[in-house]
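For reference, the structure is listed below as structure tokens.
The values are calculated or read from the model by the stated rules, or taken from the named source; none is laboratory data. Note that the structure is predicted; figures quoted are calculated from it, not measured. Note that we place each Cβ from the backbone using ideal geometry, even for glycine, and neighbour counts take in every protein chain shown. Note: areas computed on protein heavy atoms with side chains; ligands, DNA, RNA excluded. Shrake-Rupley method; radii C 1.70, N 1.55, O 1.52, S 1.80 Å.
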Amino acid sequence: MTNPVNLYRRILRTHRMLPREIRFVGDQYVKSEFRSHRNITDKKYLIPFFTQWAEYLALLQKQTGGEGATHAGASRIGRHMDPELIDRLDDDKAEQLLELHRASQNHDTQLNDGAAEQGTVPPKRK
């Protein structure tokens with residue numbers, strides 16, 4: 001199993017490659033998830049948790065050019081969720097996912113509104 005602290009740090013370092021608004025939401029989510037699993041000792045829960053985060057890190061590094069890169073190497077960040085995975089989410093996780101989506105939309109709107117007031121609307125990513 002991956003060293004949890006090392007995995008956590010590598011994810012946050014790789015998030016530096018993300019656009020500002022995505023990084024903000026991503027960092028908050030990672031910190032919240034790792035914090036909520038801090039006192040769990042049952043490997044039945046820990047192994048899938050760390051496996052999923054390691055897969056996330058690998059995908060993100062592939063899409064951004066890695067944690068040591070100086071600019072995002074891909075025009076698309078993330079992937080569509082598997083419908084079967086969505087169906088298996090318990091109510092708490094489904095609500096958390098919906099809140100994360102709302103936060104990302106709200107944060108993006110606030111950034112664009114502030115930039116528009118200053119006349120510096122950031123370009124849309126393709």
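Details
- Considering the stretch 83-98, the residues that are open to solvent by less than 100 Å² (accessible area, probe 1.4 Å) and of a type in the set (Asp, Glu) include one that is nearest to residue 26 (Cα to Cα), namely 95.
- Residue check for residue 113: at pLDDT 65 or above and over 14 Å from the mean Cα position of the chain (by Cα): no
- Within the stretch 33-44, the presence of a residue that is touching a residue at least 24 places away in the same chain (Cβ under 8 Å), within 19 Å of residue 78 (Cα to Cα) and surrounded by 13 or more Cβ atoms within 10 Å (Cβ to Cβ) is excluded.
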